[in-house]
Amino acid sequence: MKFMRMVFVVLMAVALCGPVSLRAFGDEGPLDTAQPKGVTSEEIIQHFAAKEKEFKVALDQYGYRQTVKVQTVDGDTPDGEYQQVFDVSFDDQGKKVKNVVFAPQSTLQRISMTEQDMDDIENRLPFVLPSDEIGEYSILYAGQQQEDDLHCYVFDIAPKQIEGKKRYFQGRIWVDDKDFQIVKTYGKSVPDIGTRKKGNENLFPKFTTYREQVVDGPYWFPVYTRADDTLHFSTGDVKIREIVKYTNYKKFGSNVKITYDGKEVQKDQGKPASPPQQK
């Protein structure tokens, strides 16, 4: 997000962000830093990375609706808002297409939404970490923790290095100890963009994304993202609130097979789940 002065966008600066200060949203138990029993942390990483690769294939077969609301806040009062609702579906050739169904005039005055913001909303807030990408990240076992009724392994992750203009996730992930799937992420997209000498600044808030089993099959799909953060621009702080909802998951009618643990997924194999608490 870029800082705005009057009606002009002012580009300001920041270097590559430091470690994320972790403060996740949600009902969490205490973090137990003891090593897991009966399995190594490296084995857990290999398990969930393999499941994430399967999930990424499955997710590419689904359309959905994404509802986005971004607010700037003065004290506790919103003083600007950006909204967009769009559907992700498929054309006749099976290619994903985005159709905006609601986009009122933005009333944001202190920041502007950038191309990188929209790319993050579509691609990094619903973070997926498949096995063919884990080599790009340092993954550190942090412990075990209860998330509502789930017992989870917790890992801190960060990109090993930033390559070109590619963007990454940095933060913490929670992995269900039965399904070995990511059920929650907390962190931010990196790097922040710009250099102070050139007067550029494009900052990105920390966010939490929850997943649930909301469609047929065994996978945990992103359902809700929330950000409540303060962006520290050179000219002053701007408090941000952001909510993104993912609904109406519908599988594209094709002959593509989705597998889980090497077996083809049939309908009605998923487990019901309650939505996350929306605070």
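The values are calculated or read from the model by the stated rules, or taken from the named source; none is laboratory data. As the structure is a computational prediction, the values presented were derived from the model and not from experiment. Cβ sites come from the backbone with ideal geometry, for glycine too, and all protein chains shown count toward neighbours. Surface accessibility is based on the protein's heavy atoms, side chains included, excluding ligands, DNA and RNA. Shrake-Rupley method; radii C 1.70, N 1.55, O 1.52, S 1.80 Å.
Quick check: anything in region 156-164 among the basic types (Lys, Arg) and either in contact with an Asp or Glu (Cβ under 7 Å, 6 or more places away or on another chain) or farther than 22 Å from Ala50 by Cβ (or both)?
At the first step, the residues of region 156-164 found to be among the basic types (Lys, Arg) are 160.
Still in the list and also either in contact with an Asp or Glu (Cβ under 7 Å, 6 or more places away or on another chain) or farther than 22 Å from Ala50 by Cβ (or both): 160.
Within region 156-164, one or more residues are among the basic types (Lys, Arg) and either in contact with an Asp or Glu (Cβ under 7 Å, 6 or more places away or on another chain) or farther than 22 Å from Ala50 by Cβ (or both).
Taking the numbered list (1) over 17 Å from the mean Cα position of the chain (by Cα); (2) crowded, with 17+ Cβ neighbours inside 10 Å; (3) in a strand (DSSP E or B) in turn, Gln83 passes all entries but (2).
Taking the condition in contact (Cβ under 8 Å) with a residue 60 or more places away in the chain, open to solvent by 40 Å² or more (accessible area, probe 1.4 Å) and in contact with a strand residue (DSSP E or B) (Cβ under 9 Å, 6 or more places away or on another chain), does Asp148 pass? First the steps, then the outcome.
Numbers: in contact (Cβ under 8 Å) with a residue 60 or more places away in the chain: yes; open to solvent by 40 Å² or more (accessible area, probe 1.4 Å): yes; in contact with a strand residue (DSSP E or B) (Cβ under 9 Å, 6 or more places away or on another chain): yes.
Yes: the conditions hold for Asp148.
Tell me, please, whether a residue that is open to solvent by 20 Å² or more (accessible area, probe 1.4 Å), closer than 24 Å to Asp229 by Cβ, free of Cβ contacts under 8 Å to residues at least 12 places away in the same chain and not in a strand (DSSP E or B) can be found in region 177-197. No: region 177-197 contains no residue that is open to solvent by 20 Å² or more (accessible area, probe 1.4 Å), closer than 24 Å to Asp229 by Cβ, free of Cβ contacts under 8 Å to residues at least 12 places away in the same chain and not in a strand (DSSP E or B). Does Gln170 count as part of a strand (DSSP E or B), closer than 25 Å to Ala34 by Cα and open to solvent by 40 Å² or more (accessible area, probe 1.4 Å)? Spelling it out, it is not the case that Gln170 is part of a strand (DSSP E or B), closer than 25 Å to Ala34 by Cα and open to solvent by 40 Å² or more (accessible area, probe 1.4 Å).
Under 17 Å from the mean Cα position of the chain (by Cα), surrounded by 18 or more Cβ atoms within 10 Å (Cβ to Cβ) and at pLDDT 95 or above: which single residue out of Pro126, Pro205 fits that description? Among Pro126, Pro205, only Pro205 is under 17 Å from the mean Cα position of the chain (by Cα), surrounded by 18 or more Cβ atoms within 10 Å (Cβ to Cβ) and at pLDDT 95 or above. Inspect region 64-77 for any residue being at pLDDT 95 or above, buried (at least 18 other Cβ atoms within 10 Å of the Cβ), among the hydrophobic types (A, V, I, L, M, F, W, C) and closer than 30 Å to Ala158 by Cα and give the result as yes or no. Among the residues of region 64-77, at least one is at pLDDT 95 or above, buried (at least 18 other Cβ atoms within 10 Å of the Cβ), among the hydrophobic types (A, V, I, L, M, F, W, C) and closer than 30 Å to Ala158 by Cα, which makes the answer yes.
The rows are residues; the columns are (1) of a type outside the set (S, T, N, Q); (2) at pLDDT 95 or above; (3) within 30 Å of Thr33 (Cα to Cα); (4) within 17 Å of the chain's Cα centre (by Cα).
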site	(1), (2), (3), (4)
Lys178	yes, no, yes, no
Ile182	yes, yes, yes, yes
Ile193	yes, no, no, no
Arg211	yes, yes, yes, yes
Phe221	yes, yes, yes, yes
Gly262	yes, no, no, no
Val265	yes, no, no, no
